[in-house]
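One structure is given here, and the rest of the page talks about it.
FYI, it's all coordinate maths here, none of it is from the lab. Computed from a predicted structure; not experimentally measured.
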Amino acid sequence: MGVRHFLQFRDLSREELEHLFARTRWIKERFKRYERYWPLEDRTLAMIFEKQSTRTRLSFEAGMQQLGGAAIFLSTRDSQLGRGEPVEDAAQVISRMCDIVMIRTFEQEIIERFARNSRVPVINGLTNEYHPCQILADVYTFIERRGSIRGRTVAWIGDSNNVCNTWLQAAEVLDFNVHVSTPPGYEVEPERAGLYGTDHYEEFRDPLAAATGADLVTTDVWTSMGFESENEERRRAFQDWQVDAEMMRAAKPDALFMHCLPAHRGEEVAAEVIDGPLSVVWDEAENRLHAQKALLEFLLLGKVDAR
Ligand code: CP
Ligand code: NVA
């Protein structure tokens, strides 16, 4: 089989994802016991950032070091990518020097062009369309707390952005449901979300109705990176799409709250929710580290047997 990439969530099958979640647990437990696990000794990850990041950079860089490898940070500002070197040429060069590449960029098309010209696996560290590493960690966090996500209901409140699109893809692959509520004009675009159908999600005009009976309530910023010029317009349109205590009360009594972070308290989420007892946002952030280590292991070494 050729080189495997993780450019969108559906690039991995349900069976492969289940393997990854099992490996995430194993890698996390071992890490917590301070036991060395260096399967990626002498391997190098190149990380290309065209947008800002805290969690993604840190989790990939620390994760690669903890697996015995190395990570190199490149930003558009101080590499030739920012001066117009074609993505195809950069992919040829970078993939001859490094074993695996992670990219955070704007259009999904950019990362696809890179992957087509890369000799090594390419991981999507966020594009305008998708954020697959985030949902890997989020689904793992749900499983860790509540068991299988199959058949469960996730309520997405807010913008139909990259994180929302990825939840929708994950629902198709892992067979759960998403209740989506967006302001008018910001609805899900199934083609942009890369969906096969509309069987795994339902749209609600009223955010409270979307949250009702959900196992997990989640949201994200009203304005994603790259859309800052729409900030004021969005602030007005999204006023009623804040996850607050009333919304959490409408969900199941043991419903979890997630947010990929960074968050804006008082905008998409009330402080009492994100800082409250149902919120698992810090676990969610930490699990980026463990889930991505399992992903790096899988893309570089294939299916490592559970040990
Ligand atoms: N959630 C997430 O991807 O965070 P960063 O933008 O800090 O990487
Ligand atoms: N939707 C947000 C996620 C940030 C991690 C963005 O794209 O800016």
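Side notes on the structure shown:
- For the chain, share of DSSP beta bridges that run antiparallel, in % to the nearest 5: 0
- With Cα atoms, 0 to 90° folded angle of helix 87-97 axis to the chain main axis: 60
- Equivalent ellipsoid semi-axes - Cα gyration tensor, region 17-175, angstrom: 27, 22, 13
- Cα Rg, Dmax, the chain, angstrom units: 18.8, 53
- Tilt relative to the chain, helix 132-146 - C-alpha long axis, 0 to 90 degrees, to 10: 60
- Only lysines eight or more places from Lys32 in sequence, or on another chain, were considered; those with a Cα closer than 16 Å are Lys293.
- Extension gain, Glu88-Phe73: 0.36 nm per intervening residue step, less the Cα-Cα distance, totals 3.5 nm.
- The string of couplings for region 238-250 from the Karplus curve (6.51, -1.76, 1.60, θ = phi - 60°) is 9, 2, 8, 10, 9, 6, 10, 4, 4, 5, 5, 5, 6 Hz, one whole number per residue in order, with x for Gly and Pro.
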